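The values are calculated or read from the model by the stated rules, or taken from the named source; none is laboratory data. Because the structure is a prediction, the values reported are computed rather than measured. Here the Cβ positions follow ideal geometry from the backbone for every residue, glycine too, while neighbour counts run over all protein chains shown.
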Amino acid sequence: MPRRKKKTSTSVKPSHRHVRAGFARLRENRYAEAEQAFQRALALVQGTDELDGEDLARIEHLLGLCRRELRDIGAASRHFARALAQAEVFYGATDVALIPICTDLGDAMRSLGDLADAKALYERALAIDPEDSTVPFTLCGLGRVLEYLGDLQGAKASYQKALTIADTQQGAKYDARAAALLYLGNVLRLLGDGKGSLASLKRGMALGKVAYTEDFPEASATLSHLETVLEGGAVISRALH
């Protein structure tokens, strides 16, 4: 009699099943459910080798993104910090995989008012790879920190550099040019360049309405409204901070 072929196990480990569920909820913007799934995955792998350092860093990063979307920036920063520590161990201190974590942690630190750490994180991301596709957004984050620190000329230079690089990245899903132009317009206003500010804000608003209409309709509506009050500097300033 011919031997029967052995059945190959196709069972999925419970932790992997929760990770997959987390990704699915994340794609649906169901952040609380995604967070719960990722936390369950982490709980299941305690004391095992089911997930390696890369997986753990990625899950901590995703948990940070969930917390950020749920407006808990303090918790988000803690997850981002753990993700960065794990990624450093797995990849090394200068690997490009650290860039998005550094930038997200920098954003969180900036929101929490820790400007020195935010600045260091943005600068670290830029130093790892000055040509990474996320550089314009990182430069915008750095510009905002410099603006808060009172270095308006430094902020202006950062926004202008972001715009120059973003101009070569046309076609990206989220057009960094809109963000760079809006921030540049505001800092030009603060520097007393009314004409330059107006031109930058108008161009940024036009680009922003196109770039964000599908995924961020509320941002597009805000930009449309701002067009009607463009001469009101205080309104512009509040909208950009």
Taking region 16-30 and the residues there that are surrounded by fewer than 20 Cβ atoms within 10 Å (Cβ to Cβ), of a type outside the set (D, E, K, R) and touching a helix residue (DSSP H, G or I) at 6+ places or on another chain (Cβ under 7 Å), the one that is farthest from Ala81 (Cα to Cα) would be Ala21
Just for region 73-102: of the residues that are surrounded by fewer than 19 Cβ atoms within 10 Å (Cβ to Cβ) and β-branched (Val, Ile, Thr), which one is nearest to Arg124 (Cα to Cα)? Thr94
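Could you say which residue among Ala211, Ala176, Ala180 is of a type in the set (Gly, Ala, Ser), at pLDDT 90 or above and crowded, with 20+ Cβ neighbours inside 10 Å?
Of the residues listed, the single one that is of a type in the set (Gly, Ala, Ser), at pLDDT 90 or above and crowded, with 20+ Cβ neighbours inside 10 Å is Ala180.
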Answer yes or no: is there a residue in region 46-63 that is charged (D, E, K, R), surrounded by fewer than 17 Cβ atoms within 10 Å (Cβ to Cβ) and more than 29 Å from Ala118 (Cα to Cα). yes
Please determine, by comparing only the residues of region 47-66 that are closer than 13 Å to Tyr91 by Cβ and assigned to a helix (DSSP H, G or I), which one is modelled with the lowest pLDDT. Gly53
Looking only at region 72-127, filter to residues that are among the hydroxyl-bearing types (Ser, Thr, Tyr) and farther than 25 Å from Gln39 by Cβ; which one of those is modelled with the highest pLDDT? Tyr122
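The rows are residues; the columns are (1) under 28 Å from Asp151 (Cα atoms); (2) under 18 Å from the mean Cα position of the chain (by Cα); (3) of a type in the set (Gly, Ala, Ser).
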{"position": "Arg67", "(1), (2), (3)": "no, yes, no"}
{"position": "Leu70", "(1), (2), (3)": "no, yes, no"}
{"position": "His79", "(1), (2), (3)": "no, yes, no"}
{"position": "Gly92", "(1), (2), (3)": "no, no, yes"}
{"position": "Ile101", "(1), (2), (3)": "yes, yes, no"}
